[in-house]
1. Can you pull out the residues in region 28-62 that are assigned to a helix (DSSP H, G or I) and open to solvent by less than 50 Å² (accessible area, probe 1.4 Å)?
2. Of the numbered conditions (1) open to solvent by less than 50 Å² (accessible area, probe 1.4 Å); (2) at pLDDT below 75; (3) in a loop (DSSP other than H, G, I, E, B), Arg3 satisfies every one except a single condition; which is it?
3. (1) within 30 Å of Ala41 (Cα to Cα); (2) open to solvent by less than 100 Å² (accessible area, probe 1.4 Å): which one isn't true of Ser102, the others all being true?
4. Give the number of residues within region 105-130 that are open to solvent by 90 Å² or more (accessible area, probe 1.4 Å) and either assigned to a loop (DSSP other than H, G, I, E, B) or among the basic types (Lys, Arg) (or both).
5. Over 30 Å from Phe122 (Cβ atoms), open to solvent by less than 50 Å² (accessible area, probe 1.4 Å), at pLDDT 85 or above and part of a helix (DSSP H, G or I), is that true of Ala25?
6. I need the full set of residues from region 71-92 which are open to solvent by 60 Å² or more (accessible area, probe 1.4 Å) and either in a loop (DSSP other than H, G, I, E, B) or under 22 Å from His111 (Cβ atoms) (or both), in order please.
Amino acid sequence: MRRRLRGRAGFAGATVRRFDPTDPAFLADPYPRLAALREEAPLFYEESLERWFVTRHADVRACLRDRRLGRNFRHVGSEAEFAAAEPLDPRWKAFWDSERWSLLWLEPPEHTRIRKLVAAAFTPRSVEAL
């Protein structure tokens, strides 16, 4: 099944076959499919996963550096406020409660503040000693 990409100027005529990153064939050898995606669809929306995919290194880097695109919304709102489905498994609530202050999920300015607090403990010398 092929479908048109949604939204972005410059990609209106591109098509992409359904992408399933959990497909055993993809997991066994992802590189040919990833190479094809980079050529045929540098940016696409996978409806079955309700996710956008960015397939080219320069574009991924630009997304990661763009402050308008966050990694996580839970530090500023709930699933309901962002129209995201509540996790079906109740263990996810405990996970997000514990991850709330993880540097991996925080956005500035909280990330910057906490990183400054722990930076002294992770100097090259102290890491080497570990």
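1. Those that are assigned to a helix (DSSP H, G or I) and open to solvent by less than 50 Å² (accessible area, probe 1.4 Å): Ala35, Ala36, Leu37.
2. (3)
3. Unmet condition: (1).
4. The number of residues fulfilling the criteria is 6.
5. Here the answer is no, as Ala25 does not meet what is asked.
6. Passing the criteria: Arg71, Arg74, Val76, Ala80, Glu81, Phe82, Ala83, Ala85, Glu86, Leu88, Pro90, Trp92.
The values are calculated or read from the model by the stated rules, or taken from the named source; none is laboratory data. Since the structure is predicted, the reported quantities are computational estimates derived from the model, not experimental observations. Cβ coordinates were reconstructed from backbone atoms using ideal geometry, including for glycine residues, and neighbour counts include every protein chain displayed. The accessibility values were calculated without ligands, DNA or RNA, using every heavy atom of the protein model including side chains. Shrake-Rupley method; radii C 1.70, N 1.55, O 1.52, S 1.80 Å.
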